[in-house]
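Okay, structure first, notes after.
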Amino acid sequence: MADPTGLADTRCLVVGAASGIGDAVATLLAGASAGAEFVAADLPTARWPDPRPGEHRVDIDVTDPSSVDAAVAAAGEALGRIDAVVNCAGVLGRVQPSSHETVQEFERLLAVNLTGAFILSRAVLPAMAARGYGRLVHLSSTAGKEGSAGMTGYSAAKAGVLGLVKALAREYADTGVTVNAIAPGTVETPLIAAMSERQRAEKRRLIPMGRFGLPREAAELIAFVISPQASFTTGAVFDLSGGRATY
Ligand SMILES: NC(=O)c1ccc[n+]([C@@H]2O[C@H](COP(=O)([O-])OP(=O)(O)OC[C@H]3O[C@@H](n4cnc5c(N)ncnc54)[C@H](O)[C@@H]3O)[C@@H](O)[C@H]2O)c1
């Protein structure tokens, strides 16, 4: 079958692949049009869907450098090389006033959403640069671009992801490796289960399209950004917000 995406020959490590957007990326990679071999990584405690064709599974905790190094080594061994890494590991935390958010909660949100992205980046980028090819995608959020009330640590972490991506993109710009961010608004995944019905209704009102995104829609955009065709865009933020993002 023709492979218009170029993904069939892309060896990809998907982190946070047991749920939500990462699950959708893994499913898309496993689909007939891609047919790729890939590594799906998530916490040892993750609840996985049924195994998909071409999938190898490894444990990872992005907050732990030794766990990340071990997962990246296992992925390299399973796939022979790593062409693309999609980092969907993330936590939202409680939606609450900033005065109620403890320092521990704030730091945990930074650890998973931001420091984890840094730890993963430094584990994969040098080898990609040495091979002269690579695609790294991190998940930011509209919360990181515009701020979301009640999500202080999460917004701060996701804004940090944008700075991280832009700095790394420039550092690696002449190596054949691109580093980009996806900034979803609200996507129907278990991540937003922590929101009350009222909070969900408020979020929906902010979206000109009048609905939340689907994990599959996020995966389709990510599939393009990690494809060989996406060769002249680095340090960019791809919105996925149903028209909500204003810049
Ligand atoms: N769903 C949304 O509305 C939305 C909006 C904006 C941004 N995002 C971002 O997209 C990404 C994916 O979110 P989702 O909606 O699919 O959430 P999800 O909760 O469905 O999936 C997140 C995955 O990350 C994994 N994870 C959590 N902590 C981890 C760690 N320390 N190490 C490794 N894996 C870990 C979880 O086990 C889970 O499988 C996240 O970064 C999230 O912040 C989601």
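In table form, for the structure just shown:
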{"item": "Count of the range 98-153 residues which are surrounded by fewer than 17 Cβ atoms within 10 Å (Cβ to Cβ) and at pLDDT below 95", "result": "1"}
{"item": "Index of the failed condition, Ser227 passing every other in (1) under 21 Å from Ala24 (Cβ atoms); (2) in contact with a helix residue (DSSP H, G or I) (Cβ under 7 Å, 6 or more places away or on another chain); (3) within 14 Å of the ligand (Cβ to nearest atom)", "result": "(3)"}
{"item": "Some residue of the range 194-213 being modelled with pLDDT under 95, within 11 Å of the ligand (Cβ to nearest atom) and assigned to a loop (DSSP other than H, G, I, E, B)", "result": "yes"}
{"item": "Test: residue in the range 171-178 that is under 22 Å from Arg108 (Cβ atoms), modelled with pLDDT of 95 or more and surrounded by 15 or more Cβ atoms within 10 Å (Cβ to Cβ)", "result": "no"}
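The values are calculated or read from the model by the stated rules, or taken from the named source; none is laboratory data. Everything numeric in this text was worked out from a predicted model, so none of it was measured. Counting neighbours? That spans all protein chains shown, and the Cβs are built from the backbone with ideal geometry, glycine included.
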